[in-house]
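FYI, it's all coordinate maths here, none of it is from the lab. These numbers come from a predicted model, not from an experiment. Glycine also receives a Cβ, built like all others from the backbone with ideal geometry; neighbour counts cover every protein chain displayed.
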Amino acid sequence: MMEPKTLLSILHQAEKLKCVTRHCDTTTGRRESVAEHSWRLALMALLVGDAFPQLNMDKVIRMCLIHDLGESFTGDIPAFDKHPDHRMLEQQRLHEWIKTFPEPAKTQFGRLLDEMNAMETDEARLYKALDNLEAVIQHNESDISTWLPLEYDLQLTYGADKVVFSPYLQELKAEIDCVTRRKIAEEGKR
């Protein structure tokens, strides 16, 4: 059992994700936080679980909840601006932090991160596909006036390579793309 003092320390660091904003706005026009993204990503995993009965959905949800913890140290950098050195620093800081966790959390988090980074299991592939799709969904929900020019194409390509392993995810991506195209077409009518 984790000692309360240690638990509070971990939660204090994780709380920073409530304040770290992402590139995308919410429907109300304010910046989305990393914590909000991670929460809805975990909710997505819970909701699509029936489409993946062969997978360990508890593990997928855990991956969704922890995937951006490194951004509590580094902040969020949009995918189109993120370089390998950014990813490396984020992973390094996260791994250093997790090494301070008591057992069994240290081992559990470390194994999850290793699996997520290796992208060799269907659980890791599902988490990553959902991560990309949630970002595109949120972007569709933001006002198109907040989109950068490069995002018109990015909306239709981002995550497409991550869904190829699943007919269900391909169908979901196609539906998201329909929403994107409608949004772009409506903007042209203004």
Check your understanding: For the stretch 83-190, treating each Cα as an identical point scatterer without solvent, what Debye log10 I(q)/I(0) comes out at q = 0.11 1/Å?
Key -> -0.49
Check your understanding: Short version: ³J(HN,Hα) in whole Hz for each residue of the stretch 132-145, in order, from phi by Karplus 6.51 cos²θ - 1.76 cosθ + 1.60 (θ = phi - 60°), x for Gly and Pro, what are they?
Key -> 5, 5, 4, 4, 5, 4, 4, 5, 5, 7, 7, 5, 4, 5
Exercise for review: Working from Cα positions, state the angle (0 to 90°, nearest 10) between the long axis of helix 84-98 and the longest principal axis of the chain.
Suggested key: 40 degrees
Practice item. Mind checking the stretch 87-190 for GluC sites (Glu not before Pro) that DSSP puts in a loop (not H, G, I, E or B) and that have at most 14 other Cβ atoms within 10 Å? Key: Glu120
Study note, to complete from the structure: A correct fewest-to-most ranking of Val34, Val164, Val60, Val48 by other Cβ atoms within 10 Å would be Val164, Val48, Val34, Val60
**Study point:** Acute angle (nearest 10 degrees) that the helix 34-48 long axis makes with the longest principal axis of the chain, alpha-carbon atoms
**Key:** 80 degrees
Practice item. Of the options Phe165, Leu89, Met57, report the single residue whose Cα projects farthest towards the positive end of the charge dipole of the chain (beta-carbon charges: Lys, Arg +1; Asp, Glu -1). Key: Leu89
Exercise for review: Could you tell me what fraction of 2.2 N^0.38 Å the Cα radius of gyration of the chain comes to, as a two-decimal ratio?
Suggested key: 1.07
Exercise for review: Rank the residues His86, His139 as a footprinting-exposure proxy: fewest other Cβ atoms within 10 Å of their Cβ go first.
Suggested key: His86, His139
Check your understanding: Near the amide H of Glu32, under 5 Å away, which other amide H atoms are found, from residues 5 or more places off or on another chain, if H is placed in the peptide plane?
Key -> Arg22, Cys24, Asp25, Thr26
Check your understanding: Can you give the relative contact order of the stretch 32-188 as a percent, counting alpha carbon pairs under 8 Å and 6+ residues apart?
Key -> 23 percent
Review point. What length, rounded to one decimal in nm, is gained on full extension from Lys99 through to Glu115, with 0.36 nm per residue of separation minus their alpha-carbon distance?
Key: 4.1 nm
**Study point:** Gaussian network model of the chain, Cα within-10 Å springs - most flexible of Ala160, Ala118, Ala135
**Key:** Ala118
Review point. If each residue's Cβ is checked for other Cβ atoms within 10 Å, how do Cys19, Cys24 rank with the fewest at the top?
Key: Cys19, Cys24
Exercise for review: Any lysines with Cα under 24 Å of the Lys99 Cα? List them, leaving off those in the same chain fewer than 8 positions away.
Suggested key: Lys5, Lys16, Lys18, Lys59, Lys128
